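The structure appears below as structure tokens.
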Amino acid sequence: MKIFVAGAGGFIGSNIIDKLAQNHEVIALTRQKIHFPQGKNLVSDLVKKDDWKSELASSDVIINLCGNDIARKWTNSIKRQLQDARLKTTKAIVENMDSHQCLINASAVGYYGYALNKTFDEQSANGRDFLAQLAKNWEDQAQLATKKNCRVVIMRLGVTIGNGGAIKNMIGQKFLGGRIGSGQQYFSWIHIADVLHFIQQAMSDSSYHGVYNVCSPNPVTYNDFNKTLSSLLPRIATVKVPNILLKITLGEFAETILQGQKVLPKRLEEKEFTFSYPDLKSALQEVLSKM
Ligand SMILES: NC(=O)c1ccc[n+]([C@@H]2O[C@H](COP(=O)([O-])OP(=O)(O)OC[C@H]3O[C@@H](n4cnc5c(N)ncnc54)[C@H](OP(=O)(O)O)[C@@H]3O)[C@@H](O)[C@H]2O)c1
């Protein structure tokens, strides 16, 4: 198959394109040049340029991983950047798709909003906060490709554990390494190898369509996350991060972290999807061994 990966230079993209290229022709669209001898690196911008359109048109599968970092204080200008990096890019892709193609589009478990005492699956309602509404608009934009008879698969991703991304921030003590909030709030996560496995399944099995929670069947509380991480990495901080500091640093985003999200991959379990890393300890061990 010919696969067009948009956002290929980001954390998830850069961790999967080599592996996809072992069995497929891969076009990796990035804004900055990358080293990718296994496939073709197309340096472009989905919103500002159109030199990518012919490669997209001749691809069988489009994997859209465009976005930017959400772990910031959401000023109005940052909110616009978060929206543009997802909505404008997805719109550009969908407008250029045709009926023979499959779109695998990133979204996030943030779709459900945050809650201390609820468990979410794919049937759960959309949340009301900024992130939840952004995810809804993003998914709606991607789903427009179904009107062109394209197969659309939406990945509501949990926090992805791999070399880079959120885990690097936690270990780097940006703010997440310490104890946060009550510690009873849930953290839904997925190992990068299982994201890749999901994408491979969704590409080749046409029964995959619609929304999937792409997260481990074993979400953990922040307390358990920290316990597991500190059992593997004794130098991790156990200092409590004051809620007020989190709110000052992260504004609205602090609430997502303080309340957390317990999300289950119900549709993947129905498909009897096999997770290579269903439990956090083995997932962290594998990633830390490579860092
Ligand atoms: N990683 C996670 O834990 C996680 C969890 C839930 C959801 N997600 C979502 O999954 C997606 C992929 O995650 P990630 O961690 O790989 O994100 P990432 O590291 O921020 O990568 C996103 C990539 O999109 C590119 N991009 C943004 N606007 C573009 C444009 N106009 N044209 C071309 N490329 C553009 C960025 O390019 P530049 O490098 O040039 O800026 C960046 O390389 C994101 O949408 C993210 O929100 C991720």
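The values are calculated or read from the model by the stated rules, or taken from the named source; none is laboratory data. Since the model is a prediction, treat every value here as computed from it, not as a measurement. Cβ atoms come from the backbone with ideal geometry, glycine included; neighbour counts cover every protein chain shown. For the accessible areas, the whole protein counts, side chains as well, though only heavy atoms, and no ligand, DNA or RNA atoms are used. Shrake-Rupley method; radii C 1.70, N 1.55, O 1.52, S 1.80 Å.
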>> If I filter segment 79-95 down to residues being aliphatic (A, V, I, L, M) and open to solvent by less than 30 Å² (accessible area, probe 1.4 Å), which single residue comes out as farthest from the ligand (Cβ to nearest atom)?
In response: Val94
>> Suppose we keep only residues that are in a strand (DSSP E or B) and in contact with a helix residue (DSSP H, G or I) (Cβ under 6 Å, 6 or more places away or on another chain) within segment 7-30. Which one would you say is farthest from the ligand (Cβ to nearest atom)?
In response: Val26
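Can you confirm whether Lys136 is farther than 25 Å from Tyr222 by Cα, surrounded by fewer than 20 Cβ atoms within 10 Å (Cβ to Cβ) and under 16 Å from the mean Cα position of the chain (by Cα)?
yes
When you look at Ile3, is it surrounded by 17 or more Cβ atoms within 10 Å (Cβ to Cβ), more than 14 Å from the ligand (Cβ to nearest atom) and either in contact (Cβ under 8 Å) with a residue 40 or more places away in the chain or not hydrophobic (A, V, I, L, M, F, W, C) (or both), yes or no?
yes
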>> If Lys33 satisfies all but one of (1) closer than 25 Å to Ile70 by Cα; (2) near the ligand (Cβ under 10 Å from one of its atoms), what's the number of the condition it fails?
In response: (2)
>> So, in segment 232-285, how many residues would count as being out of contact with any helix residue (DSSP H, G or I) (no Cβ under 6 Å at 6 or more places or on another chain) and aromatic (Phe, Trp, Tyr)?
In response: 2
> Looking at (1) at pLDDT 95 or above; (2) closer than 16 Å to Gly158 by Cβ, which is the only condition Ile257 fails?
Replying inline: (1)
> Tell me, which residue of segment 36-78 that is of a type in the set (Gly, Ala, Ser) and more than 9 Å from the ligand (Cβ to nearest atom) is surrounded by the fewest Cβ atoms within 10 Å (Cβ to Cβ)?
Replying inline: Ser77
>> Among the residues of segment 263-282, are any under 19 Å from Gly158 (Cα atoms), buried (at least 18 other Cβ atoms within 10 Å of the Cβ) and modelled with pLDDT under 95?
In response: no
